[in-house]
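See structure below.
The values are calculated or read from the model by the stated rules, or taken from the named source; none is laboratory data. Quantities reported herein were computed from a predicted structural model and do not represent experimental measurements. Virtual Cβ from ideal backbone geometry, glycine too; neighbours counted across all protein chains shown.
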Amino acid sequence: MTELGLLAPDGVDEGVVSKVIRPAAVIPEEAAHAVLMQLSLNDVRAGGVWEVEPSTWRRFDSPREDTTSEVDLIGSIHVAYGVPTRYEITIFRATVTAYGTSRGRTVEDLCDEALAYGGLTLATCPRADLKPPPRPFRFR
């Protein structure tokens, strides 16, 4: 077997589901504030199951007992703060790990769990206004 063939099983993670949210879901200001407050209260470092970073929200299966304990990742929600306006948050991609998939979790389920803190679901969340690209500039 070639070296590439030996590495291939490690590079492929069967069961991982990643979905690009099109058009992107936009969390309005008031709901965004509520979501961020609840996610921070449920942070893994404080006995919760979420880990919030500037571009990614990660959902784990259980709280950490201490800083060295292992927890399994259910999935990740990829976000952009301040888009399209300063106080809104845009969800543009979500991924459920093989571990999450084996537990029956879906991308919609993962997003709905986080959005519920703001009274939203992925289906009811406002969407980004996609405008057609501008016409190309032409010289006469």
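Points to keep in mind about this one:
- Residue 103 meets each of the listed conditions (1) basic (Lys, Arg); (2) in contact (Cβ under 8 Å) with a residue 24 or more places away in the chain; (3) closer than 20 Å to residue 22 by Cβ apart from (3).
- Test: residue in the range 43-53 that is within 13 Å of the chain's Cα centre (by Cα), modelled with pLDDT under 95, exposed (fewer than 11 other Cβ atoms within 10 Å of the Cβ) and not β-branched (Val, Ile, Thr): yes
- Hits in the range 41-94 - residues which are over 19 Å from residue 120 (Cα atoms), of a type in the set (A, V, I, L, M) and out of contact with any helix residue (DSSP H, G or I) (no Cβ under 6 Å at 6 or more places or on another chain): 44, 46, 49, 71, 73
- Any chance residue 94 is of a type in the set (A, V, I, L, M), in contact with a Leu (Cβ under 8 Å, 6 or more places away or on another chain), in contact (Cβ under 8 Å) with a residue 60 or more places away in the chain and not in a helix (DSSP H, G or I): yes
A quick yes/no check of all residues on (1) at pLDDT 90 or above; (2) assigned to a strand (DSSP E or B); (3) on the phi > 0 side of the Ramachandran plot; (4) aliphatic (A, V, I, L, M):
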site: 34; (1), (2), (3), (4): yes, no, no, yes
site: 38; (1), (2), (3), (4): yes, no, no, no
site: 57; (1), (2), (3), (4): yes, yes, no, no
site: 62; (1), (2), (3), (4): no, no, no, no
site: 67; (1), (2), (3), (4): no, no, no, no
site: 76; (1), (2), (3), (4): yes, yes, no, no
site: 79; (1), (2), (3), (4): yes, yes, no, yes
site: 100; (1), (2), (3), (4): yes, no, no, no
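- Failed item, numbered, when residue 108 is tested on (1) out of contact with any strand residue (DSSP E or B) (no Cβ under 7 Å at 6 or more places or on another chain); (2) part of a loop (DSSP other than H, G, I, E, B); (3) within 26 Å of residue 33 (Cβ to Cβ): (2)
- Enumeration of residues in the range 86-125 that are more than 14 Å from residue 76 (Cα to Cα) and of a type in the set (A, V, I, L, M, F, W, C): 89, 116, 120, 122, 123, 125
- Failed item, numbered, when residue 123 is tested on (1) touching a residue at least 24 places away in the same chain (Cβ under 8 Å); (2) touching a helix residue (DSSP H, G or I) at 6+ places or on another chain (Cβ under 8 Å); (3) of a type outside the set (Ser, Thr, Tyr); (4) not in a strand (DSSP E or B): (1)
- Residue in the range 87-106 that is over 13 Å from the mean Cα position of the chain (by Cα), closer than 19 Å to residue 52 by Cβ and of a type in the set (Ser, Thr, Tyr) present: yes
- Residue 87 being part of a helix (DSSP H, G or I) and touching a residue at least 24 places away in the same chain (Cβ under 8 Å): no
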